[in-house]
Amino acid sequence: MSPPRQPARLWLRPARGKRAAVWIIIDNRRQNSTGCGPSEHERAERALEAYIAKKRIDAALPRSAPADKVFVADVIRNYVSAKGTEVSRGEELAGRVERLLDWWGEKSLADVTRGNCDAYVKHRTTPGAARRELEDLRAAINLAIFEGVCRDAVKVKLPKKVKGRSRFLTRDETAKLLWSAWSFREVQKGVPTDKRPTRHIARFILTALYTSSRSARVWQASFVPEQGRPWVDLEHGLFFREAANEQAADNKRAPPIRLPPRLLAHMRRWRASGARYVCEYQGRAADPKKAFRRVVARAGLADTAVVRHTFRHTSVTWLMQSGEDKWEVAGFAGMSIETLERTYGHHHPDHQANVGAAFSTGRAGRLKAKSA
């Protein structure tokens, strides 16, 4: 009689020669590396939980079934189990998945029709939000088909892509926001106190403007190397916007950059005063989303579509307006030259300069004079 099968479990495989020690998942004599070192036991535990969840989902999923026998909820859970640990913003994915399950959870893949996709778009707050969530649904279905769960072709209809934001700030607007964040004092019982609860927002604004970085790259950044966080190297003046071993999507690149001297001086003062994070509130890295809205309202800009991502637009726009080299700006911002040209090219002083000059100095000008 064979011994009872043991459940999947963790084992710290010891170092041997040049091979480092690593946490391993052992399941029925098979070994699956978690990629976690000896000090990353909590991360290894999460990997084990994800592994076990994936096995349960695989056992529940049918094989080569028709679309009406495969439930959307199972397909989405399979997708999250397989891809959830690879995404850089897991909380946002979790929120999108929750909204998808609320509407699609009891439906089968046969219900993924043009009419239901249109109905989901009307159900959601904006077409942009609906499109992003339906993109997740499409990816989940494609994964299920690739893995042989469903034998039928299922197409997800997406709404038209929403035009990206182009709002950027003037110098005066930026000054208002900085002053609103830096000078605000907490009021208790009608009396202003010495507490300045939004000064971390001022630091966020300065860093976002000086580095052309996305919001999460700024507020998650640490002055001390930490697992899973962007890192500001104050000694050498470098900002490593991607965490170590992070695999960022091609359209979300965040290469290391050299910090502008003025920002570097600010950051060194913040660190000297005891800050561990760039955007720090009560000793921890703080997402400035809610506090930022209040800062915008106090600055009188609540109705002008100013969001945290506006500072990335503003930074790149200002660089283009100043006539900087386009390739350097694209590399600094972490975007392709094609995206830079398409979105910000018209701000550069050289944009269509030769065409405009042709009307006064070239053939077009001579034709105009002749016709007159």
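The values are calculated or read from the model by the stated rules, or taken from the named source; none is laboratory data. Computed from a prediction, not measured in an experiment: that's the story for all the values here. Reconstructed Cβ throughout: ideal geometry from the backbone, glycine too, with neighbour counts over all protein chains shown.
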| Does segment 309-320 contain at least one residue that is without any contact (Cβ under 8 Å) to a residue 60 or more places away in the chain and part of a loop (DSSP other than H, G, I, E, B)? | no
| said: When the residues of segment 52-83 are narrowed to those that are among the charged types (D, E, K, R) and surrounded by 16 or more Cβ atoms within 10 Å (Cβ to Cβ), which ends up modelled with the lowest pLDDT? | reply: K54
| Looking at E135, is it at pLDDT below 90, closer than 20 Å to R214 by Cβ and of a type outside the set (S, T, N, Q)? | no
| task | Just name the residue that is farthest from K155 (Cα to Cα) out of those in segment 102-116 that are surrounded by 19 or more Cβ atoms within 10 Å (Cβ to Cβ) and not aromatic (F, W, Y). | result | S108
| field | Of the criteria (1) free of Cβ contacts under 8 Å to residues at least 40 places away in the same chain; (2) assigned to a helix (DSSP H, G or I), which one V296 fails | value | (1)
| message | Report every pair of residues separated by at least 6 positions or lying on different chains whose Cβ atoms are under 8 Å apart, first residue within segment 328-350 and under 16 Å from T314 (Cα atoms), second basic (K, R) and at pLDDT 90 or above. | response | A333/R312; G334/R241; L340/K326; E341/K326; G345/K326; H348/K326
| field | Residues (buried (at least 18 other Cβ atoms within 10 Å of the Cβ) and either closer than 30 Å to V72 by Cα or of a type in the set (A, V, I, L, M) (or both)) located in segment 160-177 | value | L169, L177
| task | May I ask you to list the residues in segment 305-328 that are out of contact with any helix residue (DSSP H, G or I) (no Cβ under 8 Å at 6 or more places or on another chain) and exposed (fewer than 14 other Cβ atoms within 10 Å of the Cβ)? | result | A305, S322, G323, D325, E328
| When E242 is evaluated against the numbered criteria (1) within 23 Å of the chain's Cα centre (by Cα); (2) at positive phi; (3) among the charged types (D, E, K, R), which criterion, by number, is the only one it fails? | (2)
| task | For segment 196-239, enumerate the residues that are under 20 Å from the mean Cα position of the chain (by Cα) and at positive phi. | result | S212, G228
| field | G331, sole failed condition from (1) under 17 Å from E173 (Cβ atoms); (2) surrounded by fewer than 17 Cβ atoms within 10 Å (Cβ to Cβ) | value | (1)
